[in-house]
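Taking it in order: structure first as structure tokens, then the write-up.
The values are calculated or read from the model by the stated rules, or taken from the named source; none is laboratory data. Computed from a predicted structure; not experimentally measured. Reconstructed Cβ throughout: ideal geometry from the backbone, glycine too, with neighbour counts over all protein chains shown. What goes into the accessible areas is simple: the full protein's heavy atoms, side chains included, and nothing from ligands, DNA or RNA. Shrake-Rupley method; radii C 1.70, N 1.55, O 1.52, S 1.80 Å.
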Amino acid sequence: MATILNADTIVGGAVVTADASGQLALQSAGTTGLTVASGDLTVANKMTVIGTSSTAGLKIADVLETATISATAATGTINYDVTTQAVLYYTSNASANWTVNFRGSSGTSLNTLMATGESLTVAFFVTQGATAYYNNVVQVDGSAVTPKYQGGTAWAAGNASSIDAYTYTIIKTGNAAFTVFAAQTKFA
């Protein structure tokens, strides 16, 4: 491989190399972390994807999803930022029924983040006390969406003295148009 760029003399520097077949490699501290060859992208160790959407699928052999664990009680409107976590776990007992509002982040709408035909799946774990509450409104970017419920019936209660897991698969079907598939599961 021929060296295209050598910044290795700088602390934490990088080396970019290429060969006749068009394979590119990026090294840092003597370790190859990224290789691009024949349209395939190989990333060593962890990979963080930042951005909007892509036209090709992303395949990663080992995937770790970020979970946010918070000593918070479910109540009011909960903004679920999908760019921050795939799992949200509230460890304090819910104190009232709540609205969950899915968005990209505080500055990015889900409509902007996703392309039509893309989907995402997230989970929300809610701790319940002796009096149980439930997610009674689902929103995407602040607009109410009527989910398609597992089993065909909207849940009307939470499960006392347990942890309710809510999973949502959100599919963008058009500009600011989403279908949400929702399920509630009791863990005790």
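For the reader, a short list of remarks on this structure follows.
- Where a residue in region 104-115 is under 13 Å from residue 174 (Cα atoms) and its partner, wherever it lies, is of a type in the set (Asp, Glu), with Cβ under 9 Å and at least six apart: 110/141; 111/141; 112/141
- Hey, residue 68 open to solvent by 50 Å² or more (accessible area, probe 1.4 Å), at pLDDT 95 or above and of a type outside the set (Gly, Ala, Ser) or not: no
Residues are listed down the side, and each one gets a yes or a no for (1) at pLDDT 95 or above; (2) of a type in the set (A, V, I, L, M); (3) touching a strand residue (DSSP E or B) at 6+ places or on another chain (Cβ under 8 Å):
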site	(1), (2), (3)
61	no, yes, no
73	yes, yes, yes
79	yes, no, yes
82	yes, yes, yes
116	yes, no, yes
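- When 95, 105 are checked against the criterion of being open to solvent by 60 Å² or more (accessible area, probe 1.4 Å) and of a type in the set (Gly, Ala, Ser), 95 stands alone in meeting it.
- Taken residue by residue, region 165-174 has at least one member that is touching a helix residue (DSSP H, G or I) at 6+ places or on another chain (Cβ under 8 Å) and over 15 Å from residue 75 (Cα atoms).
- Condition check for residue 140: within 19 Å of residue 80 (Cα to Cα), in contact with a helix residue (DSSP H, G or I) (Cβ under 6 Å, 6 or more places away or on another chain) and open to solvent by less than 40 Å² (accessible area, probe 1.4 Å): yes
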